[in-house]
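Read-outs throughout are calculated quantities, based only on the coordinates presented, and are distinct from any laboratory measurement. What you see is a predicted model; the values in this text were computed from it and never measured. When we count neighbours, we look across all protein chains shown, and the Cβ atoms used for this are built from the backbone with ideal geometry, even at glycine.
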């Protein structure tokens, strides 16, 4: 009976030690929870859709270059500014001329249809006539 009593005391002592360790661990967890605020659950977001860059056609590029020029543009300039070959430029010029978007103002010089390249000679044109001619959107 004495042996049983000693065994019970040893088990009791061990249980007290385990209880103390458990309480210490619980206190540490409480401190950690207080230190870090509770994270909110993130709402599911839609995946980001990246927009593809808009590709401008070669014809639109050539037409834009011609529109920006007041006196007209030659084929060599179109090739260098647009970065395309001469056969492509010639094909685009042909199509734009057929559609009436551009016209030829001289040999190899192209301007937007409805625009004229003005050369000002003070003896032959008045300022009023000059500005009236420039009002056509060129």
| task | Let me see the pair-distance distribution of region 58-112: every alpha carbon pair, 10 Å bin width, integer percents in order. | result | 28, 66, 7
| query | Counting other C-beta atoms within 10 Å, which of 74, 7 has the fewest, and how do the rest follow? | reply | 7, 74
| query | What is the distance, in nm, between label points placed 7 Å from the Cα along the Cα-to-Cβ direction at residue 19 and at residue 61? | reply | 8.4
| Could you put 46, 24 in order, starting from the residue whose Cβ has the fewest other Cβ atoms within 10 Å? | 46, 24
